[in-house]
Amino acid sequence: AVVSTQSGHYGRGVLQPFLRAHAHIDTRRREPWLFGEENTALIRDALILRYQLLPYIYTQFYKASIDNSPIMRPLWYDHPEDTSLYTNQVEFQLGDSLLSSPVLESNEKSHVVVLPGPQVWYDYHSYTKYSAGTIHIPVKLSSIPLYIKGGSIIATKMRVRRSSQLMESDPYTLIVALSTQGEAKGEAYIDDGKSFEYKNNKFSHQLLDFASNKLSCRRAANSGQYVSAAVERIIILGLDSPLSASLNGSPLVSTFDKTKKSVTIKKPNVVLSEEWSIDFL
């Protein structure tokens, strides 16, 4: 089977703020299932990535509504001192924590990725850690190179559903990508996703912070009242040795992956819209 350029289009589109697969009525049909099983599977994987990131993307839309910060932004926007980024017309950041380096050529085998300094970056898919600079990675048309900036915390939802509406009660996975200083920050905006009830204070705006081996979640000063889903998993990236975790003095189950240099805490028994802190040793 031949990998269609349609799967590549989806791979690039899922990391842009607005994703909609439609065209003029007179153009050829382009539903994901019309290009053979292999391409349908690749398009499905791309859409699954999009749905994983919806909590993060939704938060970026909230931030844009408050301070007009662009959701999709050129690399120089967050790194204006690096003049070499002014001419980078391929890569972009999705919010302030994710960097996309799309594969644009069907015959591309080795892909150049520019990771702005001074922070480290983590491959979203493999958790591989990279220092700032230019790297070369093997790719194919269906690859979706995506990187998390060190010092960031992003909220995701990893369970596969048929629609975002069915995901509302699904638990969150928090990815903590540590900076070179061993710290990270993030935020999450949550409401019902469909009504104007947020205007009646029915929303939650949470601030996440990892510092001094403590992960804390606090309500922002402007936060309303909204009960979110629980957190089912916390993944901390950039660790050279295991960490044990506890909540209010009670130990939590944690697993250290030596290859990925990450610690995973399953079922931490916390709710994203509440205030809590987890200690690490």
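The values are calculated or read from the model by the stated rules, or taken from the named source; none is laboratory data. Please read all numbers here as calculations on a predicted model, not as lab measurements. We place every Cβ from the backbone using ideal geometry, glycine too, and count neighbours over all the protein chains shown. For accessibility, only protein heavy atoms count, side chains too; no ligands or nucleic acids. Shrake-Rupley method; radii C 1.70, N 1.55, O 1.52, S 1.80 Å.
Out of Leu15, Leu85, Leu99, Leu47, report the one residue that is aliphatic (A, V, I, L, M), part of a helix (DSSP H, G or I) and within 19 Å of the chain's Cα centre (by Cα).
One residue alone meets the criteria, Leu47.
Looking only at residues in segment 66-75 that are in a helix (DSSP H, G or I) and under 13 Å from Gly95 (Cα atoms), which one is most open to solvent (accessible area, probe 1.4 Å)? Spell out how you get there, then give the answer.
Residues of segment 66-75 in a helix (DSSP H, G or I): 66-67, 75.
Next cut, under 13 Å from Gly95 (Cα atoms) only: 67, 75.
Details: Asp67: 92, Leu75: 1 Å².
So the residue we want is Asp67.
Within segment 144-152, identify whether any single residue is open to solvent by 80 Å² or more (accessible area, probe 1.4 Å) and in contact (Cβ under 8 Å) with a residue 12 or more places away in the chain, and answer yes or no. If you could, list the steps in order and put the result at the bottom.
As a first pass, look at segment 144-152 and keep what is open to solvent by 80 Å² or more (accessible area, probe 1.4 Å): none.
So far as segment 144-152 goes, no, none of its residues is open to solvent by 80 Å² or more (accessible area, probe 1.4 Å) and in contact (Cβ under 8 Å) with a residue 12 or more places away in the chain.
May I ask you to list the residues in segment 215-269 that are at positive phi and open to solvent by 60 Å² or more (accessible area, probe 1.4 Å)? Walk me through it before giving the result.
Step one: of segment 215-269, the residues at positive phi are 238, 248-249, 261, 267, 269.
The answer is Asn248, Gly249, Lys261, Lys267, Asn269.
Tell me which of these Leu49 doesn't satisfy, since it passes every other one: (1) closer than 14 Å to Ser142 by Cβ; (2) modelled with pLDDT under 95.
If we test Leu49 against (1) closer than 14 Å to Ser142 by Cβ; (2) modelled with pLDDT under 95, just (2) comes out false.
Can you tell me which residue among Thr134, Thr180, Thr173 is of a type in the set (Ser, Thr, Tyr), on the phi < 0 side of the Ramachandran plot, open to solvent by 30 Å² or more (accessible area, probe 1.4 Å) and not in a loop (DSSP other than H, G, I, E, B)?
Thr134
Among Ala229, Ala245, which is the only one that is aliphatic (A, V, I, L, M) and touching a residue at least 40 places away in the same chain (Cβ under 8 Å)? Can you show your working first?
Values: Ala245 fails: touching a residue at least 40 places away in the same chain (Cβ under 8 Å).
That would be Ala229, the only listed residue that is aliphatic (A, V, I, L, M) and touching a residue at least 40 places away in the same chain (Cβ under 8 Å).
Would you check if there is a residue in segment 119-127 being aromatic (Phe, Trp, Tyr), in a strand (DSSP E or B) and touching a strand residue (DSSP E or B) at 6+ places or on another chain (Cβ under 7 Å)? Outline the logic, then answer.
Quick first cut of segment 119-127, residues aromatic (Phe, Trp, Tyr) only: 121-122, 124, 127.
Retained after the next criterion (residues that are in a strand (DSSP E or B)): 121-122.
Going one step further and asking which of them are touching a strand residue (DSSP E or B) at 6+ places or on another chain (Cβ under 7 Å), we end up with 121-122.
Yes: one or more hits.
The conditions are (1) within 30 Å of Glu232 (Cβ to Cβ); (2) in contact with a helix residue (DSSP H, G or I) (Cβ under 8 Å, 6 or more places away or on another chain); (3) open to solvent by less than 80 Å² (accessible area, probe 1.4 Å), and Tyr62 fails exactly one of them. Which is it?
(2)
I'd like to verify a number: residues in segment 202-214 that are crowded, with 16+ Cβ neighbours inside 10 Å and either on the phi > 0 side of the Ramachandran plot or of a type in the set (A, V, I, L, M) (or both), how many?
Qualifying residue count for the region: 2.
Considering only residues of segment 18-44 that are among the charged types (D, E, K, R) and assigned to a loop (DSSP other than H, G, I, E, B), which is nearest to Ser106 (Cα to Cα)? Break it down stepwise before answering.
Kept after step one, since they are among the charged types (D, E, K, R), are these residues of segment 18-44: 20, 26, 28-31, 37-38, 44.
Now restrict to residues that are assigned to a loop (DSSP other than H, G, I, E, B): 20, 26, 28-31.
Values: Arg20: 22, Asp26: 26, Arg28: 21, Arg29: 21, Arg30: 18, Glu31: 20 Å.
Within segment 18-44, the match that is nearest to Ser106 (Cα to Cα) is Arg30.
Do you know which residues across segment 154-170 are free of Cβ contacts under 8 Å to residues at least 60 places away in the same chain and either buried (at least 18 other Cβ atoms within 10 Å of the Cβ) or not aliphatic (A, V, I, L, M) (or both)? Steps first, answer last, please.
Start the filter on segment 154-170 by keeping residues that are free of Cβ contacts under 8 Å to residues at least 60 places away in the same chain, which leaves 159, 162-163, 165-166, 170.
Scanning segment 154-170 gives Arg159, Arg162, Ser163, Gln165, Asp170.
Does segment 105-139 hold any residues that are charged (D, E, K, R) and more than 21 Å from the chain's Cα centre (by Cα), and which are they? Show your work before the answer.
Here is the first cut: in segment 105-139, the residues charged (D, E, K, R) are 105, 108-109, 123, 129.
Those that are charged (D, E, K, R) and more than 21 Å from the chain's Cα centre (by Cα): Glu105, Glu108, Lys109.
Only one residue in Ser216, Ser241, Ser277, Ser228 is part of a strand (DSSP E or B), of a type outside the set (Phe, Trp, Tyr) and out of contact with any Lys or Arg (no Cβ under 7 Å at 6 or more places or on another chain). Which one? Step through it out loud before you land on a result.
Values: Ser241 fails: part of a strand (DSSP E or B); Ser277 fails: out of contact with any Lys or Arg (no Cβ under 7 Å at 6 or more places or on another chain); Ser228 fails: part of a strand (DSSP E or B).
Selected residue: Ser216, the only one of Ser216, Ser241, Ser277, Ser228 that is part of a strand (DSSP E or B), of a type outside the set (Phe, Trp, Tyr) and out of contact with any Lys or Arg (no Cβ under 7 Å at 6 or more places or on another chain).
From Lys185, Lys140, which residue is of a type in the set (Lys, Arg) and touching a residue at least 60 places away in the same chain (Cβ under 8 Å)?
On the way: Lys185 fails: touching a residue at least 60 places away in the same chain (Cβ under 8 Å).
Only one candidate passes the filter, namely Lys140.
Please work out if Ser169 is in contact with a strand residue (DSSP E or B) (Cβ under 7 Å, 6 or more places away or on another chain) and farther than 15 Å from Thr59 by Cα. Give the derivation first.
Working: in contact with a strand residue (DSSP E or B) (Cβ under 7 Å, 6 or more places away or on another chain): no; farther than 15 Å from Thr59 by Cα: yes.
So Ser169 does not fit the description; no.
Just give me the residues in segment 183-213 being polar (S, T, N, Q), over 18 Å from the mean Cα position of the chain (by Cα) and assigned to a strand (DSSP E or B), in sequence order.
Filtering segment 183-213 for residues polar (S, T, N, Q) gives 195, 200-201, 204, 206, 212-213.
Still in the list and also over 18 Å from the mean Cα position of the chain (by Cα): 195, 200-201, 204, 212-213.
Once the filter is applied, which keeps residues that are polar (S, T, N, Q), over 18 Å from the mean Cα position of the chain (by Cα) and assigned to a strand (DSSP E or B), segment 183-213 yields only Ser204.
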